[in-house]
1. Any idea of the accessible area per residue across the stretch 56-130, 1.4 Å probe, to the nearest Å²?
2. Tell me, what is a quarter of the convex hull surface for the C-alpha atoms of the stretch 160-316, in nm² with one decimal?
3. Over the stretch 276-355, give the accessible area per residue in Å² for a 1.4 Å probe, as an integer.
4. Where in the stretch 52-138 are there trypsin sites (Lys or Arg not before Pro) that are in a DSSP coil and have at most 13 other Cβ atoms within 10 angstrom of their Cβ?
5. Considering only Leu128, Asn183, Ser354, whose Cα is most displaced toward the positive end of the charge dipole of the chain, charges sitting on Cβ of Lys, Arg (+1) and Asp, Glu (-1)?
6. Take the alpha carbon atoms of the stretch 21-74, find their center, do the same for the stretch 299-357, and report the distance between the two centers in whole angstrom.
7. As a test of understanding, state the convex hull volume per residue of the stretch 281-335 from its alpha carbons, in Å³.
8. So how do Thr308, Thr161 rank on accessible area, 1.4 Å probe, biggest first, that is with the largest at the start?
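The values are calculated or read from the model by the stated rules, or taken from the named source; none is laboratory data. Just so it is clear, the structure is predicted and the values come from calculations on it, not from any experiment. Methodologically, a virtual Cβ is constructed for each residue, glycine included, from the backbone with ideal geometry; neighbour enumeration extends over all protein chains shown. Side chains are part of the model used for accessible areas, which takes the heavy atoms of the whole protein and leaves out ligands, DNA and RNA. Shrake-Rupley method; radii C 1.70, N 1.55, O 1.52, S 1.80 Å.
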Amino acid sequence: MEDNGWVASDSLVVRFDSKRPGGASLLSVAVAVDDIDDFDNSYFELMDDMKDKYRIRTPSTVVKNKDINRWVADWKVEDARVDIATSLLDIPSVETIQITETYFEPMWVDIYKDDDHSHERINAQDLLTGKLASYYNLVSIWKYVNKSGRRPTDTRKNILTDDFTGKYNRMWSELGEASNHLNIVPNGDQTYPLLSAADILMGYLEQEVYPLFEKNIYEHLREYYNEQSDSDAWIDSDSVNAGSDYEFERMIPLRDEGIRRAQHYPKPTIYIDRGNVGRKELESLDVMKYACQYAQENRGCVKAFDQTEDKYFISEGDIIVLLEGADPELKRYSELNHSVDLVQNSGAVDYFVSKLE
């Protein structure tokens, strides 16, 4: 029987100039569940109640942390986030939470060491916020997978992560080798319940824990599970820094070569060419929310169309959405690819609504 357990993560840059010189660390939280279908069903039931309770009026059944900020009244938003996040923590299929933090003392670091032409020396803080931050969501999953056998819970090797950018590193290769399935999901916190849960959990920790260090987070979650919850989820936390030579060498970029992510995007993929619609404007539009709902129901994803790269990965079942000001020549990608739908601007919302009925 195939393992139906999955692990997903979220990350953020934590800034605290008054607490540590240099003023920033990276934090990542991974959430592992023993059965993704059980978790999804519990999530949808919970979110139906929470959307009614806090009047969160999104057409999608998947809620992200920013939706709590947008919809909940000012005087309720903090309590709502605690209520929603702790209810997610209490879902019975939640098995393990892995917390990972990285902070560097001032130092020089060699990167791209496998690439003779691009070998470079960089300040550690610039490495932290300028390079590692873009793919630090992988670190807590990597730590979780590598701790197999050192906790009472099973290790889930089906990996789910939001989209990211970054240069090739050993950690990425080791995760790929260790995984049974590896899905990278653009806009994942709007389409996949487990990625939404990781996103909401991170927002909750940012609100409730100060200073936001991994030991403080561990103590906060441990206290919650010991005193307020019946869950027996396992909590683990680690700090990964330059003193951990083995781990540090695996995190840093080894070649000036981007991680290739496109083959790990789940299908069907909905490609949206924004045209002259801004990124933040798109996020507020119903077309984006209904597209995410369609992707969620079909285990696919939604991403901004990148003609340079995405043209090689368009395949049967994919959908191309052209918004106002999009290049009309992009229509040829649907005309010359088998069973690829194309929808344009004013018809896009109706298209997805009809698909969801």
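1. I get 47 Å² per residue for this part.
2. The Cα convex hull of the stretch 160-316, projected and averaged over all directions, gives 12.6 nm².
3. Per-residue value: 53 Å².
4. Numbers: sites: Lys53, Arg55, Arg57, Lys64, Lys66, Arg70, Lys76, Arg81, Lys113, Arg121, Lys131; in loops: Arg55, Arg57, Lys64, Lys76, Lys113, Lys131.
In loop regions of the stretch 52-138 (DSSP not H, G, I, E or B), the sparsely surrounded trypsin sites (Lys or Arg not before Pro) are Arg55, Arg57.
5. The residue sitting farthest along the positive end of the dipole is Leu128.
6. Each part reduced to its Cα centre gives a spacing of 27 Å.
7. On the way: hull volume 5.2 nm³, N = 55.
Cα convex hull per residue, to the nearest whole number: 94 Å³.
8. Order by accessible area, largest first: Thr308, Thr161.
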